[in-house]
Structure formats: structure tokens, C-alpha cells
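Please read the structure below before turning to the comments.
The values are calculated or read from the model by the stated rules, or taken from the named source; none is laboratory data. Treat the numbers as computed from the prediction; the structure is a model and nothing was measured. We place every Cβ from the backbone using ideal geometry, glycine too, and count neighbours over all the protein chains shown.
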Amino acid sequence: MGWLFLKVLLAGMTFSGLLYPLLDLSISGKTRAPKPNIVIILADDMGWGDLGANWAETKDTTNLDKMASEGMRFVDFHAAASTCSPSRASLLTGRLGLRNGVTHNFAVTSVGGLPLNETTLAEVLQQAGYVTAMIGKWHLGHHGSYHPNFRGFDYYFGIPYSHDMGCTDTPGYNYPPCPACPQSDGLWRNPERDCYTDVALPLYENLNIVEQPVNLSGLARKYLEKAVAFIEQASTSGRPFLLYMGLAHMHVPLSVTPPLENPGSQRPYRASLQEMDSLVGQIKDKVDHMAKENTLLWITGDNGPWAQKCELAGSVGPFFGLWQTHQGGSSAKQTTWEGGHRVPALAYWPGRVPANATSTALLRYCSIPTVELLESMGACRLSAWTITRPSTLLGEPKLVMGARVLSNSTLPLSFSTWKTMLQKLRPYREEAPSTRRCCQRSPGFLQMSFKTLLMTTAPERTTLRTLR
């Protein structure tokens, strides 16, 4: 009789759900897929037209073009802002500057940074068991608790702000020219204040300054070495990892290793772009070697090129905004015109991200409902890409609906929204470049961050911020 009662009790507990947690624990180790690794590479001041896969006139991004043919290229991808700090703050928090409090660039003299009540992607992934690293330009506060090591990154190697915000021992190419740090002990001021010669640019490893002033010509090589070492160590440890790289390319002053013997015979920007392309290619090769099937590799830009730097600035492709430049303005960095925030973007993840695909979707792409599901990530929902088509890397651009797109593109631009942050107030009307008139399109800042990768597309939308 006692055994019969026990059987009934166990059956009742099972059907009431009390044993479900125990059952889940017993099978979770067998059913859950490993957590994906995430590599984010953020280029600095890279124009939409600097990517050869976007713009046929560019011939200097062989590795990036190959990555585009093996992954997905987003041709209508927009940064959250057209300048450094606000764009980077939005990428790491998933919130626009008006919400996260970062609306301007931080300076050398800034004592604050990304507000401490903001949760970063690195902090969330740390709690999920990830090992995290930030390599490169931070520019979200460099004092006290604003340092990357206190914002979710286990390891940090890089510079605290832009490399034109401090003198270096090898200034690189810049307009006006950046002088090297003074060799004497006396204080030397640059009256134009363009290169911030009062302070030598520091290079940090975690909380320690390991070099000051920075050897700018060797900085890219050091970034590459640290990134490769981190990928190797993290992969060997068996833990999932987040690597966030803020490249010095393509911000001025431009550096090329080794320096050009005759800058007049070769455009410094082109040589620097080739160097960046090689760096990204080597990181991709390391990812392919260590964890190809389980790593999302993403590369994009923080904003458009710095047009005031003339031939030392990148290409905006077709988004050159003659309607504004005729009035003395600029279509690129630091403006709300499209060339300032429309940036190249590539996603690479064999077996998860479709190969040789181009998407005109503005915001929708591979998404995961909640951070808990990182432990059981399956294939990305392809329905997230509402408009995809085979990539045409070699196609010549032509005018379609007022914008230069690839030769077999017959679909209109697809605009979607996240949290209704973008409204199309007027239809976009633009004539051919030779007869272009005033643009009727209302540009808007969009939030595009890797927290969007961890959002659901239907029906309940759970962002990482709700998991704080």
C-alpha cells in the first residue's frame, strides 16, 4: 500500500511540473549547443564606399570582399551616430545617445564616460560565462570606473581615445600635419590644437600604461598580435568569448607599416586601407582555424569618413550629398546626412549566416530571443532577413530609385524599425548626380548594436536590458 501511495505521489509531482527542473538538468548537457563566440571589429571613419563589395571603384579590400562573398553584406546599415563616442556607446548598450547619455565625443580632459548605470553587452555576456576582451580604441571614458576593465571586459589593450588626441612618436599622415611629440622636457603647444600635443598618447594593457607616446606605425601589428593571442587562449580554455576590436584604421593621422617611401606616388589612404584589410583577413583566418563553426564575425564602421581631410578621407560611395556641399557643408562624418552614418557591414558565420548574400534590410538580421538561449543557439532564423539575394561583388553600380545599388538589384530599399526610432517623413526623391536637386529624404539616426542580435523578432521582444 505504501509503494502504491509513493507511485501516485511521484506521478502527481511530475504532472504538476515540480520535477521539470530536475528533468531539464539531467538532459541539458546533451541537448544544449555550445554558446557562440562573438568577434566585433569596428573600423574608425571607414566610408561605405571603402568596401569593394559595395563600390566597384574600390580595389583595395580583397579580404573583406572575400568575407562578403562567404557571408552576408548589409548595404543599408546605419550607425547610431555620425561621430565616435555616441556610436560606440550605442553599440555596447543597445540604446541611442539621447537615452544612454552619450551625445558628444569625450575629450582628453573629460573626467566622465559612458554612464555607470548603463549595462554593456560585455557585462551581460560576462554573466553568461563568456571571457571578454576589448582591443583598440575605447573612447567611452578613461578615468576610474569608466575604464574598459570595469565595464565588462576581462582584458583590455588599446588607446583610451582617438589617436589624434595625443602626440605620438610617429605622427602619420594628417591635415594639418601632426608633429611628433617634443623630445625636450619643455612644454610645447600647437597653436592650432589639431593634434593635442600637450599630452602624449598612452597605450594601456588593462590598467597599466605600457607605452607613451605610442609608436603609431606599429600599433596595428600590436592589435593583431593581441587579438590572435586572445582567440587562441579563449578557444583553448573551452569558454565562449567576446572580442571587441576598435581599429585605428581609417582615422587620421593615417599610419602605414612600413611608412611609404614616396607618399606622392601612392595614396596614403589606399595603403592604409590595404593594411586594415590584411589585418581583418588575418583575424578571420585565426577564427576559421580555431572556432569557425561556432563564431560570429561582424565588421562595420562607427561613422562615415572625415571629409575635411580631403584625400586622407574615405569614400561615401554614392552618398556624397551635393545638395549640402554646395552650401559649404559635408555629407560625411559629424553630419546627419547619409554619408555620415551609413556604413559598411558584413556578417560571417559559416553554417549560420547565408553565404554570398546581400541584404537591404535596414535593421533585421540574425536574432536570438534572450541571453539564456545563447546556451542553445541553433541556426539563425532566416526569416529575419526579409529581403536577401545573391551577392554581386563584381557588378557595376547603377542608379535604381535614386541610389546606386548593384547591377541586378531590382528590389527597393527595405526600411524597418527598432523601437520605432526611425520615421520616413517624406519619400526619397533624387535625380542623377548631374541634375541632383535638394533631397527630400529625412535622415535619421538608427540604433544598430549587437544587442539587437540578442533580441527576438516575434512575438515577445525581450532585450538584454530587461535581464539586468
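Observations on the model:
- Some residue of the range 264-279 being within 27 Å of ASN37 (Cβ to Cβ) and touching a strand residue (DSSP E or B) at 6+ places or on another chain (Cβ under 8 Å): yes
- Members of the range 214-240 that are assigned to a loop (DSSP other than H, G, I, E, B), of a type in the set (A, V, I, L, M, F, W, C) and in contact with a Gly (Cβ under 7 Å, 6 or more places away or on another chain): none
- Candidates MET245, MET276, filtered to the one that is assigned to a strand (DSSP E or B) and surrounded by 20 or more Cβ atoms within 10 Å (Cβ to Cβ): MET245
- Among residues that are out of contact with any Leu (no Cβ under 7 Å at 6 or more places or on another chain), closer than 26 Å to HIS341 by Cα and either surrounded by fewer than 17 Cβ atoms within 10 Å (Cβ to Cβ) or at pLDDT below 95 (or both), PRO182 is not included.
- Members of the range 138-164 that are of a type in the set (A, V, I, L, M, F, W, C) and part of a loop (DSSP other than H, G, I, E, B): TRP138, LEU140, PHE153, ILE159
- Residues that are crowded, with 19+ Cβ neighbours inside 10 Å and more than 23 Å from ASP45 (Cβ to Cβ), drawn from the range 104-122: GLU118, THR119, ALA122
- Filtered by the rule that a residue be acidic (Asp, Glu) and under 19 Å from GLN233 (Cα atoms), the range 128-174 gives a lone residue, ASP154.
- Exclusive hit being at pLDDT below 90 and at negative phi, set LEU98, LEU91, LEU22: LEU22
- Taking the listed residues SER315, SER331, the one that is modelled with pLDDT of 85 or more, polar (S, T, N, Q) and either assigned to a helix (DSSP H, G or I) or over 30 Å from ARG352 (Cβ atoms) (or both) is SER315, with no other qualifying.
- From the options VAL256, VAL252, VAL287, residue that is within 13 Å of VAL39 (Cα to Cα) and either outside any loop (DSSP other than H, G, I, E, B) or not hydroxyl-bearing (Ser, Thr, Tyr) (or both): VAL287
- Taken over the range 231-242, the criterion of being surrounded by fewer than 22 Cβ atoms within 10 Å (Cβ to Cβ) and in contact (Cβ under 8 Å) with a residue 24 or more places away in the chain is satisfied by GLU232, SER235, SER237, ARG239.
- Helices (runs of 4 or more DSSP H) wholly inside the range 52-137 that include at least 2 residues being touching a residue at least 12 places away in the same chain (Cβ under 8 Å) and touching a Leu at 6+ places or on another chain (Cβ under 7 Å): 62-70, 84-93, 121-127
- Subset of the range 275-305 (residues that are out of contact with any helix residue (DSSP H, G or I) (no Cβ under 8 Å at 6 or more places or on another chain) and more than 15 Å from LEU346 (Cα to Cα)): ASP285, ASP288, HIS289, LYS292, GLU293, ASN294
- Count of the range 198-213 residues which are β-branched (Val, Ile, Thr) and touching a Gly at 6+ places or on another chain (Cβ under 8 Å): 1
- Every residue from the range 46-91 that is buried (at least 24 other Cβ atoms within 10 Å of the Cβ) and among the polar types (S, T, N, Q): ASN54, THR61, SER82, SER85, SER87, SER90
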